[in-house]
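Participant: Let me give you the structure first, and then I'll get to my questions.
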Amino acid sequence: MKAMSRSVARSLALLVTVTLLATGCASPAASSPTPSAAGSSAPPAPTASAAPILTRPVEFVISTGPGGGSDLYARLWTGIMTSQKLVNVPVVPVNKPGGAGAIAFQYTISKIGDPHYLMVTLNSFFTTILVQNLPFKSSDFTPIAVLAKDPFFLWVNADSTWKTAQDFIAAAKEKSITVAGTGSKQEDEVMFRRIEKLAGTKPFNYIPYDEGSTVAASLAGHAGGTEVTVNNPSEGLGLWQASPPKVRPICAFLPDPPAGAFQGVPTCKSQGLDITDYFNLRSVVGPPGLNDAQIAYWGDVFKKVNDAKEWKDFVTQNVLVADFRTGADAKKLFDEYTKLHTDIAIQNGWYNP
Amino acid sequence: MDAFGSLLGGFGTALQPTNLVFLLAGVLLGLIIGVLPGLGGTSGVAILLPISVFIARDNSATTAIIFLAGIYWGALFGGVITSILFNIPGEPWAVALLFDGYPLARRRGKPGVALASSFVASWVGAFFATILLTFLAKTIADIALQFGPADLFAIFVLSFATLIGLGAESPIKAVMMVAFGLLLAAVGFDRITGEPRLTFGQVELLNGIGFVPVTIGLFGIGEVIAANEEAAIGAAGAIAAKVGLKDLLETLAALKQRFLLVAANGIIGFFFGSLPGHGATAGSFLGYGLARQWSKNKEEFGKGEISGIMAPQAAADASAVGAMVPLLSLGVPGSPTGAVLMAGLFIWGLVPGPLLFIQHPEFVWGFIASIYVGHFLTFLITLTAVPLLALIMRVPHGVLTPLIIIISVIGSYTLNNSMLDVAITIVAGVVGYWLRKMKYPLAPLVVAVVLGNATEVELRRALIGSSGQWTVFFTSPASAVFLAIAALLLAWPFIGKALQVRRVSAAPPAAAK
C-alpha cells in the first residue's frame with residue numbers, strides 16, 4: 001500500500017509539473033509575447049535555415065470561447081503541431097471571443113507582417129466584417145491554409161412529415177416556417193436566405209442561437225417552434241443516432257452523396273435544391289503583410305498537420321470535405337467566398353457598400 | 001436495475017490504479033485552476049485538452065475523460081475559495097456565494113465554516129445529482145429538450161422574482177439597481193440582430209460589460225476600499241478565529257438542519273444543468289432565492305447565513321453534473337465545459353450521443369462512476385485544506401489589500417485577454433464603493449448584470465418563434481407555471497405587508513450588500 005501510494009505520488013508530481021509548465025507557458029505568452037515567456041519547454045530553434053522565421057511563441061487566435069465553433073479545430077491542430085514538433089516555438093491557442101468574431105479580427109489585423117499570429121476562421125470571418133462595417137476587409141488578411149470544408153445538411157425533427165426537400169419547400173411556400181441557426185446574419189442564416197431566394201419561399205422566421213449544438217437541440221425538442229435547421233453533420237449526428245431518433249437529415253448540400261455515417265442521405269441538388277458551393281471553411285489566416293517565406297513556412301506546417309492521422313480520422317468521423325489548399329489556391333477560395341457573402345449581405349440589406 | 005449493474009462495472013473501471021491517479025491529478029489541477037483568478041473549469045479543461053490526446057492514446061479515452069472531468073470537479077470546488085475569502089467570483093455561479101460567503105468569513109470571522117459549508121454542500125448536491133444521472137439520464141434529457149426559449153425566459157423571470165428585495169431596505173433603490181444592471185447588460189453585441197449595440201463604435205465594447213469584471217470590481221475592489229477605510233478608523237480587528245475540527249462539526253450540524261434544502265437544491269440544480277444553454281447560473285441564483293424565501297430568519301441573509309452558502313453551491317455543483325446528461329445521452333453539451341469535454345470526445349474518436357452507451361459502455365459507466373469517486377476525492381482534499389486556506393484571513397490588511405487588487409486585475413484580464421475588462425473592473429470598484437456608501441444594494445445590480453442578457457435573448461427568441469405572439473408564454477405549460485409562481489412570489493411581500501404593517505419600524509437596518 002505504501003509503495004503503491006508512493007508511486008502514485010511520484011507520477012502525480014510528474015504530471016502536475018508537466019502540466020503546470022504547459023499552462024505556465026500558455027498564460028504569460030497570451031499577455032506578453034516576449035521570448036522569456038517561452039520558458040524551458042520550447043524546443044531548440046532549427047539549425048538548417050539562416051534566420052528562423054519564428055523567434056518567440058505563436059498566438060493562435062480563436063474567435064470563439066473555449067468549446068465554441070472554431071476552438072476545437074485550433075486546439076486539435078495545435079495539439080498535432082506540438083506532438084509532432086512541427087514548429088520550433090510553442091503555439092498557444094488564445095481565445096478572443098466577442099462580437100461574432102469582430103474582437104479577434106480587430107486584434108489579428110493589427111499585427112501587420114508578424115508571423116507569430118495565426119487565426120482560425122469560420123464563415124463569420126466573411127459575414128461579420130461586412131455586417132458590422134468593420135474598418136478592414138476579409139481580403140486584408142493573409143490566407144494561410146484551408147484544411148477542410150464543413151458541409152451543411154437540411155435537418156427536420158424525426159416526427160416531421162416532410163420526407164424530401166421538395167416537401168419542405170412546398171410547405172415553406174404556404175407559410176413562414178420557423179427555422180433556427182447559429183448566430184445572426186452568419187453562415188446558417190446565409191443558407192436560409194439563399195434557400196428563400198432560390199426556391200421562392202415565404203421569408204423564414206429565423207431564430208439565432210449561440211451554438212450549433214443548441215440549434216440541433218431546439219430542433220429535437222421542437223423548442224421555440226423550430227422546424228428546420230442546416231446543422232453541420234457532427235452537430236446533428238448524436239441526436240439522429242438516438243433511439244428513437246430525434247432529428248433526421250433530409251438531404252446534404254454537397255455535390256455528391258455523403259459517405260460514412262451519413263451513407264444513404266441524398267444530395268439536396270437531387271431534390272431540386274441546387275446549392276453545392278457553400279461550406280463552413282475550416283481554415284487559417286494570418287495578419288496582413290506576411291512575406292512569401294512566412295506564408296510558405298506556415299503552408300508547409302499545415303500541410304503536415306493535414307497529413308497527420310489524428311486529423312484524417314477527425315475529417316472522416318465528422319464527414320468533413322477534405323480540400324487542402326495553401327497559397328494562391330487558398331486565396332482563390334477566399335475570394336470566391338468574399339464575393340458570395342458580399343452579394344448575400346447586399347441582397348438582404350445587411351450591408352451597404 | 002440494469003443501471004446499477006453497469007454502475008458497479010463502472011466503479012471497476014474508475015477505481016483502476018491508472019484511472020485513479022489521473023483522476024487525482026485532474027482534481028488537484030482543477031483545484032489550482034479554480035483558485036487562480038479568471039481561470040475556471042472551462043478554460044482549465046480547454047487548456048489541458050491537448051494533453052488529453054496523449055492520455056487517450058497511451059491509456060484509453062476513459063482515462064482521458066476521467067482526467068478532464070476531474071479538472072472540472074476540482075475547479076468547481078476551487079472556484080468558491082476566492083469568492084468566500086476574497087469576495088472575487090471565479091465563475092458566474094459563484095456569484096451567489098458572495099452574498100453570504102464573504103460576510104461569514106470576514107465579518108463573522110468564520111472562514112473555516114464558510115469554506116466547509118460550501119464544500120459539504122457541493123458534495124451533497126453533486127451526490128444527489130449523480131444518483132439522478134445514473135438512473136434517469138435518458139428521461140431527464142428528453143424533458144430538457146422540450147424546454148424552449150419561452151420556458152427559459154420564464155425560469156429567468158422566476159430567478160429574478162425570488163431575488164427581489166435582496167438585501168434591500170428600500171425597494172425603490174433595489175429597482176433602480178436592477179434597471180442599472182439591465183442597462184449595463186444591454187451594452188455590447190446584440191446576439192439577435194448580429195449588430196453592435198451601445199458600443200459607440202468601440203470594437204472592444206462588443207464583448208459588453210461582462211458580469212465577471214463588474215462583479216470583481218463591485219465586490220472585490222469596492223469591498224477592499226471600504227474595508228480599508230474601516231481599518232483606518234480602527235473598526236476591523238484581526239480575525240482570531242480558531243480553525244479546525246470545530247468548524248467541521250459546526251458545519252455538519254448546520255447541514256443536518258438544512259439537509260432537505262441542500263438536497264432539494266441538488267435536484268433543482270441537476271435539472272437546470274441538464275437544460276441546453278445556461279442553466280447553472282440561473283440555478284444557483286434560484287437556489288439562493290429559494291433558501292431565502294423559505295427561511296424563517298430572512299434578515300440574516302446577506303450577513304453570513306449558512307443556508308445562503310449551501311443552497312447556491314449545492315445547486316451549482318449539481319448543475320455541473322446535470323450538464324453531463326445531454327452530453328452523454330444526446331451529444332448536446334449542457335454547458336461551456338460540457339462543450340469542451342465533447343470536443344475531447346470527438347478528438348479521441350468517440351461520437352457523443354446515445355450510441356455511446358451501447359458501443360462504449362465501459363467509457364460511459366467508468367465516467368459516471370468517476371463522478372462519485374472524483375467528488376469524494378475533491379471533498380476530502382478540500383476539507384483537509386480548509387484550515388490552511390482559512391489562515392489567509394489572518395493575513396494583515398496591509399498585505400491582503402494589494403493582493404486582492406492584484407488578483408482582481410489579473411482575473412478580469414484573463415477572462416477575455418482584454419484590457420478593457422481591467423478598466424471596467426476598476427471603474428466598477430469605485431462605483432461599487434460609492435454605491436455602498438450611498439446604501440444602494442449591490443446584489444440586485446449584480447443579478448441583473450448576470451442574468452439580464454440571457455433573459456432578454458430568450459424573450460426575443462420566443463417572440464421570433466411565435467411571430468410576435470405573447471401568448472407563447474402561456475401556451476407552454478412549463479412557462480405558464482414558472483411565470484405564475486414568479487408572479488406569486490413578486491406579490492407575496494405586498495400581501496405580507498398588507499397583513500402586518502406594524503413590523504416595518506422594527507426592521508433592523510440591513511448592511512448595503
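Participant: Identify, by number, the condition in (1) surrounded by 24 or more Cβ atoms within 10 Å (Cβ to Cβ); (2) small (Gly, Ala, Ser); (3) under 29 Å from B:SER479 (Cα atoms) that B:GLY188 doesn't meet.
Facilitator: Checking B:GLY188 against (1) surrounded by 24 or more Cβ atoms within 10 Å (Cβ to Cβ); (2) small (Gly, Ala, Ser); (3) under 29 Å from B:SER479 (Cα atoms), the one that fails is (1).
Participant: Failed condition for A:ALA74, given (1) over 30 Å from A:GLN186 (Cα atoms); (2) at pLDDT 90 or above, with all others met?
Facilitator: Unmet condition: (1).
Participant: Kindly check whether there is at least one residue in segment A:286-297 that is farther than 27 Å from A:ILE62 by Cα and either more than 21 Å from the chain's Cα centre (by Cα) or of a type in the set (Gly, Ala, Ser) (or both).
Facilitator: Looking through segment A:286-297, none of the residues is farther than 27 Å from A:ILE62 by Cα and either more than 21 Å from the chain's Cα centre (by Cα) or of a type in the set (Gly, Ala, Ser) (or both).
Participant: Let me ask another. Every residue in segment B:116-150 that is at pLDDT 90 or above and within 14 Å of chain A (Cβ to nearest Cβ), please.
Facilitator: Listed by number, the residues that qualify are B:PRO149, B:ALA150.
Participant: Can you pull out the residues in segment A:76-90 that are closer than 25 Å to A:GLU211 by Cβ and more than 15 Å from the chain's Cα centre (by Cα)?
Facilitator: A:GLY79, A:ILE80 - these are the residues of segment A:76-90 that are closer than 25 Å to A:GLU211 by Cβ and more than 15 Å from the chain's Cα centre (by Cα).
Participant: Moving on. Right, B:LYS110: among the charged types (D, E, K, R) and either under 21 Å from B:SER335 (Cβ atoms) or without any contact (Cβ under 8 Å) to a residue 60 or more places away in the chain (or both) or not?
Facilitator: Spelling it out, it is not the case that B:LYS110 is among the charged types (D, E, K, R) and either under 21 Å from B:SER335 (Cβ atoms) or without any contact (Cβ under 8 Å) to a residue 60 or more places away in the chain (or both).
Participant: Do the conditions hold for B:PHE473, that is, is it at negative phi, in a helix (DSSP H, G or I) and at pLDDT 90 or above?
Facilitator: Criteria met by B:PHE473.
Participant: Now a separate question. Could you please find all residues in segment A:318-328 being out of contact with any strand residue (DSSP E or B) (no Cβ under 7 Å at 6 or more places or on another chain) and in contact (Cβ under 8 Å) with a residue 24 or more places away in the chain?
Facilitator: Hits for segment A:318-328 are A:ASN318, A:VAL319, A:GLY327.
Participant: Residues of segment A:133-143 being within 11 Å of another protein chain (Cβ to nearest Cβ) and in contact with a Pro (Cβ under 6 Å, 6 or more places away or on another chain), which ones?
Facilitator: At the first step, the residues of segment A:133-143 found to be within 11 Å of another protein chain (Cβ to nearest Cβ) are A:133-136.
Scanning segment A:133-143 gives no hits.
Participant: Could I ask something else about it? Read through the list (1) within 26 Å of the chain's Cα centre (by Cα); (2) at pLDDT below 80; (3) more than 14 Å from every other protein chain (Cβ to nearest Cβ), then give the number of the only condition that A:ALA51 fails.
Facilitator: (1)
Participant: Would you confirm whether any residue within segment B:373-383 is among the aromatic types (Phe, Trp, Tyr), more than 14 Å from chain A (Cβ to nearest Cβ), surrounded by 24 or more Cβ atoms within 10 Å (Cβ to Cβ) and in contact (Cβ under 8 Å) with a residue 60 or more places away in the chain? Show your work before the answer.
Facilitator: The initial filter retains those residues of segment B:373-383 that are among the aromatic types (Phe, Trp, Tyr), namely B:376, B:379.
Now narrow it down to the ones that are more than 14 Å from chain A (Cβ to nearest Cβ): B:376, B:379.
If we keep only those that are surrounded by 24 or more Cβ atoms within 10 Å (Cβ to Cβ) too, we end up with none.
So far as segment B:373-383 goes, no, none of its residues is among the aromatic types (Phe, Trp, Tyr), more than 14 Å from chain A (Cβ to nearest Cβ), surrounded by 24 or more Cβ atoms within 10 Å (Cβ to Cβ) and in contact (Cβ under 8 Å) with a residue 60 or more places away in the chain.
Participant: Which residue, of B:ILE66, B:ILE51, is farther than 21 Å from B:GLN313 by Cα, within 14 Å of chain A (Cβ to nearest Cβ) and without any contact (Cβ under 8 Å) to a residue 24 or more places away in the chain?
Facilitator: On the way: B:ILE66 fails: without any contact (Cβ under 8 Å) to a residue 24 or more places away in the chain.
Unique residue meeting the criteria: B:ILE51.
Participant: Search segment B:21-32 for residues that are facing another protein chain (nearest Cβ under 8 Å) and in contact (Cβ under 8 Å) with a residue 60 or more places away in the chain and pair each with any residue that is among the β-branched types (Val, Ile, Thr) and assigned to a helix (DSSP H, G or I) when their beta-carbon atoms are under 7 Å apart and the residues are at least 6 apart or on different chains.
Facilitator: Close Cβ pairs satisfying both conditions: B:LEU28/A:VAL16.
Participant: Among residues belonging to segment B:184-204 that are more than 9 Å from chain A (Cβ to nearest Cβ) and not in a loop (DSSP other than H, G, I, E, B), point out the one that is farthest from A:THR128 (Cα to Cα). Can you show your working first?
Facilitator: Within segment B:184-204, the first condition is being more than 9 Å from chain A (Cβ to nearest Cβ), and the residues that meet it are B:184-187, B:197-198, B:200-202.
In the following step, the residues that additionally are not in a loop (DSSP other than H, G, I, E, B) were identified as B:184-186, B:197.
Details: B:LEU184: 23, B:ALA185: 22, B:ALA186: 20, B:ARG197: 14 Å.
Restricting to residues being more than 9 Å from chain A (Cβ to nearest Cβ) and not in a loop (DSSP other than H, G, I, E, B), the top hit is B:LEU184.
Participant: Moving on to the next point. State all residues of segment B:302-331 that are farther than 16 Å from B:ILE268 by Cα, in contact (Cβ under 8 Å) with a residue 60 or more places away in the chain and among the hydrophobic types (A, V, I, L, M, F, W, C); if no residue qualifies, say none.
Facilitator: Answer for segment B:302-331, where residues must be farther than 16 Å from B:ILE268 by Cα, in contact (Cβ under 8 Å) with a residue 60 or more places away in the chain and among the hydrophobic types (A, V, I, L, M, F, W, C): B:ILE306, B:LEU328, B:LEU330.
Participant: Still on this structure, I have one more. Scanning for something crowded, with 20+ Cβ neighbours inside 10 Å and in contact with a Lys or Arg (Cβ under 8 Å, 6 or more places away or on another chain), does segment B:128-142 turn up at least one residue?
Facilitator: No, segment B:128-142 has no match at all.
Participant: Then there's this: Here's a check for you: in segment A:212-233, which residue that is farther than 12 Å from B:GLY148 by Cα and more than 7 Å from chain B (Cβ to nearest Cβ) is farthest from the chain's Cα centre (by Cα)?
Facilitator: A:GLU227
Participant: Kindly provide the set of residues from segment A:236-253 that are in contact with a Ser or Thr (Cβ under 9 Å, 6 or more places away or on another chain) and at pLDDT below 85, ordered by number.
Facilitator: A:GLY238, A:ALA242, listed by residue number.
Participant: May I ask you to list pairs of residues, at least six apart or on different chains, whose Cβ atoms are under 8 Å apart, with the first in segment B:339-362 being at the interface with another protein chain (Cβ under 7 Å from one of its Cβ atoms) and within 15 Å of A:GLY79 (Cβ to Cβ) and the second being β-branched (Val, Ile, Thr) and crowded, with 18+ Cβ neighbours inside 10 Å?
Facilitator: Close Cβ pairs satisfying both conditions: B:VAL340/B:THR42; B:VAL340/B:VAL45; B:ILE347/B:VAL53.
Participant: Look through A:LEU86, A:LEU130, A:LEU76 and report the one residue that is within 14 Å of chain B (Cβ to nearest Cβ) and assigned to a loop (DSSP other than H, G, I, E, B).
Facilitator: Every option except A:LEU86 fails the conditions.
Participant: Can you give me the ranges of the helices (runs of 4 or more DSSP H) entirely in segment B:1-120 with at least 1 residues that are small (Gly, Ala, Ser) and within 30 Å of B:LEU163 (Cβ to Cβ)? Break it down stepwise before answering.
Facilitator: Details: elements: B:2-14, B:17-35, B:41-58, B:61-86, B:95-102.
Counting at least 1 such residues, we get B:17-35, B:41-58, B:61-86, B:95-102.
Participant: Could you look through segment A:234-248, keep only residues that are buried (at least 23 other Cβ atoms within 10 Å of the Cβ) and more than 18 Å from the chain's Cα centre (by Cα), and pick out the one that is farthest from A:PRO151 (Cα to Cα)?
Facilitator: Among them, the one singled out is A:LYS246.
One line per residue, one yes/no per condition, for (1) farther than 23 Å from A:PRO255 by Cβ; (2) surrounded by 22 or more Cβ atoms within 10 Å (Cβ to Cβ); (3) more than 13 Å from chain B (Cβ to nearest Cβ); (4) not small (Gly, Ala, Ser):
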position	(1), (2), (3), (4)
A:LEU154	no, yes, yes, yes
A:SER160	yes, no, yes, no
A:LYS163	no, no, yes, yes
A:GLN166	no, no, yes, yes
A:SER176	yes, no, no, no
A:VAL179	yes, yes, no, yes
A:LYS185	yes, yes, no, yes
A:LEU198	no, no, yes, yes
A:PRO203	yes, no, no, yes
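Participant: Counting only residues that are within 14 Å of chain B (Cβ to nearest Cβ), give me the helices (runs of 4 or more DSSP H) lying completely in segment A:249-353 with at least 2 of them.
Facilitator: A:309-317, A:327-347
The values are calculated or read from the model by the stated rules, or taken from the named source; none is laboratory data. Treat the numbers as computed from the prediction; the structure is a model and nothing was measured. No Cβ is skipped: glycine too gets one built from the backbone with ideal geometry, and neighbour counts run over all protein chains shown.
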